[in-house]
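Notes follow once the structure below has been shown.
The values are calculated or read from the model by the stated rules, or taken from the named source; none is laboratory data. Because the structure is predicted, anything quoted here is derived from the model rather than measured. Glycine also receives a Cβ, built like all others from the backbone with ideal geometry; neighbour counts cover every protein chain displayed. Calculation scope for accessible area: heavy atoms of the full protein, side chains included, ligands and nucleic acids excluded. Shrake-Rupley method; radii C 1.70, N 1.55, O 1.52, S 1.80 Å.
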Amino acid sequence: MLNFNDFFKNLDDQLEVMWQAILTQSRFTQAILHGDIDKTLYAIYMIETFHYTAHNARNQALVGVRENPSPVYTKFCFEHAAEEVGHEKMALHDLRSIDVITHDTVIPKPLPETETLIAYLYWVAAHGNPLRRLGYSYWAENCYHYINPLIEKLRSTLKLEDSQMTFFIAHSSIDAEHFDEIKKIIQRTCNTQDDLADITNVMETTLKLTSKMLEAVFNEYAKLQAGTSTRYSFLKNTAVSA
């Protein structure tokens, strides 16, 4: 018999350690928490968010296409994928609402670190234990406990209205419900310690890759400030705090 209470507690303890490292050591999160963020840094982050979010529905659906442990999990994959479709558009909407981009702006390709996260999730979806993608969902749908202070600091520093933060506001309510579903599906479909170990590994790996993406976002911002960024040079006239 698997002890899911202990499993979830161990996952949460690991997430606490990893998130505290991100919040205290990441130059990106520290810039936000200290109010040292302008529209340019925010825009780079949201564009990278647009890129990886655009693939979440697809790689989730890819898991459902495979031979899965139970019909319950297959149904979960397709339903969850359907609910994620189009969420990336909210990220672009929020940037347009603060006049950082327009409908005619050519969005640059994702940073290599963002592409690595995207590629890893497709690999996880297509290979190995189908249940393991739940490790990504476990922390991604349960991150607002940690990022709410960042969101509120963004709101106050850039003076953003709710209508300019639709990506975060929509997900904060949707993800709370999704997280309960993820815990239930883990309990209904996992049968072995290997299942739990695979979920744990993907949770840790995807959060580490996301942390590297945040560092890359800040590096790109620093390059833009130094006048050496070509990828995001179109943002050079927006580097003024709201």
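Would you mind finding the one in T230, T205, T157 that is in a helix (DSSP H, G or I) and surrounded by fewer than 18 Cβ atoms within 10 Å (Cβ to Cβ)?
Numbers: T230 fails: in a helix (DSSP H, G or I); T157 fails: surrounded by fewer than 18 Cβ atoms within 10 Å (Cβ to Cβ).
The match here is T205.
So which residues in the stretch 139-193 are of a type in the set (S, T, N, Q) and under 20 Å from the mean Cα position of the chain (by Cα)?
Keep residues of the stretch 139-193 that are of a type in the set (S, T, N, Q), which gives 142, 148, 156-157, 163-164, 166, 172-173, 187, 189, 191-193.
Matches in the stretch 139-193: N142, N148, Q164, T166, S172, S173.
Checking the conditions here, which among T53, T49, T40 is over 30 Å from C77 (Cβ atoms) and in a helix (DSSP H, G or I)? Full working, then the answer.
Values: T53 fails: over 30 Å from C77 (Cβ atoms); T49 fails: over 30 Å from C77 (Cβ atoms).
Sole residue among the options that is over 30 Å from C77 (Cβ atoms) and in a helix (DSSP H, G or I): T40.
Criterion first (of a type outside the set (K, R), open to solvent by less than 30 Å² (accessible area, probe 1.4 Å) and within 23 Å of A119 (Cα to Cα)) does L15 satisfy it? Steps first, answer last, please.
Details: of a type outside the set (K, R): yes; open to solvent by less than 30 Å² (accessible area, probe 1.4 Å): yes; within 23 Å of A119 (Cα to Cα): yes.
So L15 fits the description; yes.
Can you tell me which residue in the stretch 163-188 is nearest to I98 (Cα to Cα), limited to those that are at pLDDT 90 or above and open to solvent by 20 Å² or more (accessible area, probe 1.4 Å)?
Here the residue is Q164.
Any idea which residue in the stretch 63-79 is nearest to A126 (Cα to Cα), counting only those that are in a helix (DSSP H, G or I) and open to solvent by 60 Å² or more (accessible area, probe 1.4 Å)?
To start, the set of residues in the stretch 63-79 that are in a helix (DSSP H, G or I) comprises 63-65, 71-79.
Checking the rest, the ones that are also open to solvent by 60 Å² or more (accessible area, probe 1.4 Å) come to 65, 71, 75, 78-79.
Details: V65: 9, P71: 17, K75: 17, F78: 15, E79: 18 Å.
So, considering only residues that are in a helix (DSSP H, G or I) and open to solvent by 60 Å² or more (accessible area, probe 1.4 Å), the one nearest to A126 (Cα to Cα) is V65.
Being in a helix (DSSP H, G or I), at pLDDT 95 or above, more than 30 Å from R155 (Cα to Cα) and open to solvent by less than 50 Å² (accessible area, probe 1.4 Å) narrows it down to one of L117, L131, so name that one.
Values: L117 fails: more than 30 Å from R155 (Cα to Cα).
One residue alone meets the criteria, L131.
Does Y138 qualify as being assigned to a helix (DSSP H, G or I) and surrounded by fewer than 23 Cβ atoms within 10 Å (Cβ to Cβ)?
On the way: assigned to a helix (DSSP H, G or I): yes; surrounded by fewer than 23 Cβ atoms within 10 Å (Cβ to Cβ): no.
No.
I'm checking my understanding of the structure. Among residues of the stretch 25-43 that are within 18 Å of H93 (Cα to Cα) and either of a type in the set (S, T, N, Q) or over 17 Å from the mean Cα position of the chain (by Cα) (or both), which one is most open to solvent (accessible area, probe 1.4 Å)? Even if it seems obvious, please write down each step before you answer.
Within the stretch 25-43, the subset within 18 Å of H93 (Cα to Cα) is 38-43.
Of the ones still in play, those that are also either of a type in the set (S, T, N, Q) or over 17 Å from the mean Cα position of the chain (by Cα) (or both) are 38-40.
Details: D38: 12, K39: 49, T40: 0 Å².
Among residues in the stretch 25-43 that are within 18 Å of H93 (Cα to Cα) and either of a type in the set (S, T, N, Q) or over 17 Å from the mean Cα position of the chain (by Cα) (or both), the one most open to solvent (accessible area, probe 1.4 Å) is K39.
If you go through the stretch 44-62, how many residues are aliphatic (A, V, I, L, M) and either open to solvent by 10 Å² or more (accessible area, probe 1.4 Å) or touching a strand residue (DSSP E or B) at 6+ places or on another chain (Cβ under 9 Å) (or both)?
Filtering the stretch 44-62 down to residues aliphatic (A, V, I, L, M) leaves 44, 46-47, 54, 57, 61-62.
From what is left, the residues that are either open to solvent by 10 Å² or more (accessible area, probe 1.4 Å) or touching a strand residue (DSSP E or B) at 6+ places or on another chain (Cβ under 9 Å) (or both) are 54, 57, 61-62.
So the answer is 4.
Mind listing just one residue for me: the one in the stretch 80-101 that is open to solvent by 20 Å² or more (accessible area, probe 1.4 Å) and of a type in the set (A, V, I, L, M) and, of those, farthest from the chain's Cα centre (by Cα)?
Looking at residues that are open to solvent by 20 Å² or more (accessible area, probe 1.4 Å) and of a type in the set (A, V, I, L, M), I get A82.
Scan the stretch 75-103 and report the pairs whose first residue is among the small types (G, A, S) and whose second residue is loosely packed, with under 15 Cβ neighbours inside 10 Å and not in a loop (DSSP other than H, G, I, E, B), with Cβ atoms within less than 9 Å and a gap of 6+ or a chain change.
Filtered contacts from the stretch 75-103: S97/S163.
State all residues of the stretch 80-106 that are in a loop (DSSP other than H, G, I, E, B) and either out of contact with any His (no Cβ under 9 Å at 6 or more places or on another chain) or modelled with pLDDT of 95 or more (or both); if no residue qualifies, say none. Let's see the steps before the verdict.
Our first condition is that a residue be in a loop (DSSP other than H, G, I, E, B); within the stretch 80-106, this holds for 85-87, 98-106.
Hits for the stretch 80-106 are V85, G86, I98, D99, V100, I101, T102, H103, D104, T105, V106.
I want to confirm something. Restricting to the stretch 141-154 and keeping residues that are free of Cβ contacts under 8 Å to residues at least 24 places away in the same chain and open to solvent by 40 Å² or more (accessible area, probe 1.4 Å), which single residue is farthest from I22 (Cα to Cα)? Quick ask: steps written out before the conclusion?
So the first thing to find is which residues in the stretch 141-154 are free of Cβ contacts under 8 Å to residues at least 24 places away in the same chain, and the list is 145, 147, 151-152.
Now restrict to residues that are open to solvent by 40 Å² or more (accessible area, probe 1.4 Å): 145, 152.
Working: H145: 14, E152: 17 Å.
Only one residue fits best here, namely E152.
Please count how many residues of the stretch 83-135 are closer than 30 Å to Q193 by Cα and among the basic types (K, R). Before the answer, list the steps.
The first filter runs over the stretch 83-135 and keeps only residues closer than 30 Å to Q193 by Cα, leaving 83-84, 116-135.
Now drop any that are not among the basic types (K, R), which leaves 132-133.
Result for the stretch 83-135: 2.
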